[in-house]
1. What do you reckon, is Arg77 without any contact (Cβ under 8 Å) to a residue 24 or more places away in the chain and part of a strand (DSSP E or B)?
2. Exactly one of these conditions fails for Ser102: (1) outside any strand (DSSP E or B); (2) of a type outside the set (A, V, I, L, M); (3) within 21 Å of Leu61 (Cα to Cα); (4) touching a residue at least 60 places away in the same chain (Cβ under 8 Å). Give me its number.
3. Suppose we filter the range 217-234 for residues that are part of a helix (DSSP H, G or I), among the aliphatic types (A, V, I, L, M) and either out of contact with any helix residue (DSSP H, G or I) (no Cβ under 9 Å at 6 or more places or on another chain) or within 20 Å of Val37 (Cβ to Cβ) (or both); how many remain?
4. Anything in the range 56-65 that is surrounded by 17 or more Cβ atoms within 10 Å (Cβ to Cβ) and either out of contact with any strand residue (DSSP E or B) (no Cβ under 7 Å at 6 or more places or on another chain) or within 30 Å of Glu114 (Cβ to Cβ) (or both)? List them, or say none.
5. Is it true that Phe263 is under 30 Å from Ala76 (Cβ atoms), in contact with a helix residue (DSSP H, G or I) (Cβ under 8 Å, 6 or more places away or on another chain) and aromatic (Phe, Trp, Tyr)?
6. Which residue is farthest from Thr253 (Cα to Cα), if the candidates are limited to the range 1-51 and must be among the β-branched types (Val, Ile, Thr) and touching an Asp or Glu at 6+ places or on another chain (Cβ under 8 Å)?
7. For Leu86, state whether it is touching a residue at least 24 places away in the same chain (Cβ under 8 Å) and either more than 25 Å from Glu142 (Cβ to Cβ) or part of a loop (DSSP other than H, G, I, E, B) (or both).
8. Has the range 197-206 got any residue that is buried (at least 17 other Cβ atoms within 10 Å of the Cβ) and farther than 14 Å from His4 by Cα?
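What follows is calculated from the coordinates using simple rules that are stated; it is not laboratory data. Please read these numbers as outputs of a predicted model, since none were measured by experiment. Virtual Cβ from ideal backbone geometry, glycine too; neighbours counted across all protein chains shown.
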Amino acid sequence: MRGHWAHLEGAWKNLRAHRQYPPLVDALLGEAVAACVLLAATLKFRGTLTLQLQGDGIVNLLVAQCTDDNRMRAVARFDEQALASLAVYPSPGEIFRQLTGSAGRITVTVESDEKSARYQGVVPLTGGSLAQSLEAYFATSEQLPTRVVLAADAAHAAGMLVQKLPEQEDLDSEAWREAQWGMQRLTPQMLLGRSVEANLSAIFPGHDVRVFRAADVCFECRCNPSRVAGVLRALGPEEIREVLREQGSVTVTCEFCQRPYSFDSIDIEALFADSAGDPTVIH
């Protein structure tokens, strides 16, 4: 068997530095971020993995991305009025279904930086949690028996993924049953509050378990002033100056990190003066 373990603290906090989500949405986003990091850890080449949830529930879109060198970002869109109508929170499985809807799906997209290769797997949301839906994804798209446990709170996002290797299909079934039973007993409190060594000892008592060197995960959004300036140039001076006259300044907010970029009249004039010699400049 092989596995991956993720425990995010600083990266998870930095991702939400400019935007606070309601607790239920925050928890689902944290689970998705941990899951995306776990999936990206399986990449064998330089590239980016995108985990996308779409549905007809309160959270109609959630996107998490992670690169092979563990740079991640994520965003969620949700219906605030529908969320406010949940006066009494149901069971965890019912919460997941209300958040994601009854006709949702998971899309996993892997893109290589070195080749024009792109892989995409799509499966319906199943069960009563994101973890169960990911287990169904591995069973359908990868044909690998997989168990996933995810958890998130205001301070941490964590996850563990264990897979039975293909070449061991008929060997040591007892060990795999023990692993599945151990994963079922792994509570969110254990996942968030204990070390990977302590959790592995509880899941695989008496077995040879080896922990390899860890890698840091960081939040990194791709937005920057140059990219935002390119977007404004693409819209054209007339439209941007009209916004400037109405609002006094032009503010562009990154959808992923919610960082605002503000441009006053001097910034706008300098922006279009710089691009006057090359009106096709777009970043």
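1. yes
2. (4) is the only condition that Ser102 fails.
3. Of the residues in that region, 3 qualify.
4. Gly57, Leu62, Val63, Ala64, Gln65
5. yes
6. Across the range 1-51, the extreme among qualifying residues is Thr48.
7. Answer is yes for this residue.
8. Yes, some residue in the range 197-206 is buried (at least 17 other Cβ atoms within 10 Å of the Cβ) and farther than 14 Å from His4 by Cα.
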